[in-house]
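S.K.: Provided herewith is a single structure, encoded as structure tokens, for subsequent inquiry.
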Amino acid sequence: MRKPMAVANWKMNKNGEETRQFLRDYMAQASGITGAEAVICPPFTLLATVQQEIGSPAALARGAQNCFWEDKGAYTGEISAPMLKELGCSYVIIGHSERRLIMGENDEQINRKLKAVLQCGLVPILCVGETLQQRENKAALTVVKNQLDKNLQGLHVQPGQLVIAYEPVWAIGTGVNASSDDAQEMIACIRSRLRELFNDELASATRILYGGSVREDNAADLMAKPDIDGALIGGASLEADSFVRIARIIAHG
Ligand code: PGA
């Protein structure tokens, strides 16, 4: 059984006081959400605050939004997987389209980062997805398959140690989400590619999320699909009320 996930991707938002307020609101409202795993991915600077406020990852698990592939050394400005582990992270988002497109991260770098995260015993949340132009050119399936092949090359991964998020670039932060049918189609293809690259056990155990303008009013429709195991939520995760409501929908989906 794949436990569904509600993952908050805060991107470059919030300061310490806003984070403490979010966590107070979240803890006041989130009791009883047992059917989904809630994960919060704040900026690096706020991970220690989250760890101080919420000791147990069982109440709210933590993730980072990126990391470097080396454990330590002369890499000014970078943060390693062991550093994130020390701050209580269980997850690391890798290959988000904002990093691929704005920071120019390439498939080889993403592959190295995935290996470093796994090596450290953390679970990567690998983001894949096509641009609008690629979808209009009917290249979406090829683009995503290609990302998977390159990003996952040579990975030693056990069932349950990998999460994938399908995030069509044109749906991120635009208010235009993929239809549940299109998301299901792509996510089923991702699962079958995992079967080919690894094995059936890994493909069946891997949680595959949808991300891109997930809100309260479209979450139920998306979660009703058999292969969609949760959501990576940007804008709608910044308010505790809306994140909790979406997490509840995911838990019951
Ligand atoms: P969004 O972002 O929910 O604001 O579209 C999702 C993401 O980029 O992970």
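S.K.: Quick check on the range 199-206. Is at least one of its residues of a type in the set (D, E, K, R) and under 19 Å from Glu98 (Cα atoms)? Full working, then the answer.
M.R.: Here is the first cut: in the range 199-206, the ones of a type in the set (D, E, K, R) are 200-201.
Still in the list and also under 19 Å from Glu98 (Cα atoms): none.
Scanning the range 199-206 turns up no residue that is of a type in the set (D, E, K, R) and under 19 Å from Glu98 (Cα atoms).
S.K.: Can you pull out the residues in the range 153-186 that are among the aliphatic types (A, V, I, L, M) and away from the ligand (no atom under 15 Å from the Cβ)?
M.R.: Leu155, Val157, Leu162, Met186
S.K.: Look at the range 163-181 and say how many of its residues are of a type in the set (Asp, Glu) and either under 25 Å from Phe198 (Cβ atoms) or assigned to a loop (DSSP other than H, G, I, E, B) (or both).
M.R.: To start, the set of residues in the range 163-181 that are of a type in the set (Asp, Glu) comprises 167, 181.
Narrowing further to those that are either under 25 Å from Phe198 (Cβ atoms) or assigned to a loop (DSSP other than H, G, I, E, B) (or both): 167.
Matching residues across the range 163-181 total 1.
S.K.: While we're here: Anything in the range 167-201 that is crowded, with 16+ Cβ neighbours inside 10 Å and small (Gly, Ala, Ser)? List them, or say none.
M.R.: Once the filter is applied, which keeps residues that are crowded, with 16+ Cβ neighbours inside 10 Å and small (Gly, Ala, Ser), the range 167-201 yields Ala171, Ala178, Ser180, Ala183.
S.K.: Which of the residues that make up the range 44-87 are under 19 Å from Ala28 (Cβ atoms) and of a type in the set (Asp, Glu)?
M.R.: Glu53 - this is the single residue of the range 44-87 that is under 19 Å from Ala28 (Cβ atoms) and of a type in the set (Asp, Glu).
S.K.: Let me ask something else. Applying the selection to the range 192-206, what residues are out of contact with any Leu (no Cβ under 7 Å at 6 or more places or on another chain) and either within 15 Å of the ligand (Cβ to nearest atom) or not charged (D, E, K, R) (or both)?
M.R.: Just the residues of the range 192-206 that are out of contact with any Leu (no Cβ under 7 Å at 6 or more places or on another chain), to begin with: 192, 195-196, 198-201, 204-205.
Once the filter is applied, which keeps residues that are out of contact with any Leu (no Cβ under 7 Å at 6 or more places or on another chain) and either within 15 Å of the ligand (Cβ to nearest atom) or not charged (D, E, K, R) (or both), the range 192-206 yields Ser192, Phe198, Asn199, Ser204, Ala205.
S.K.: Let me ask you something else. Within the range 173-189, track down each residue that is under 15 Å from Leu209 (Cβ atoms) and either among the polar types (S, T, N, Q) or within 13 Å of the chain's Cα centre (by Cα) (or both).
M.R.: Residues satisfying the conditions are Asn177, Ser180, Gln184.
S.K.: Residues of the range 234-253 being within 27 Å of Lys14 (Cα to Cα) and in contact with a helix residue (DSSP H, G or I) (Cβ under 6 Å, 6 or more places away or on another chain), which ones? Break it down into steps so the answer makes sense when it comes.
M.R.: So in the range 234-253, the residues within 27 Å of Lys14 (Cα to Cα) come out as 234-251.
Matches in the range 234-253: Ala236, Ser237, Ala240, Ser242, Phe243, Val244, Arg245, Ile246, Ile249, Ile250.
Bear in mind these aren't lab numbers, they're just calculated from the coordinates by the rules spelled out. None of the values given here were measured: they were computed from a predicted structure. As a convention, Cβ positions derive from the backbone with ideal geometry for all residues, glycine included, and neighbour counts pool all protein chains shown.
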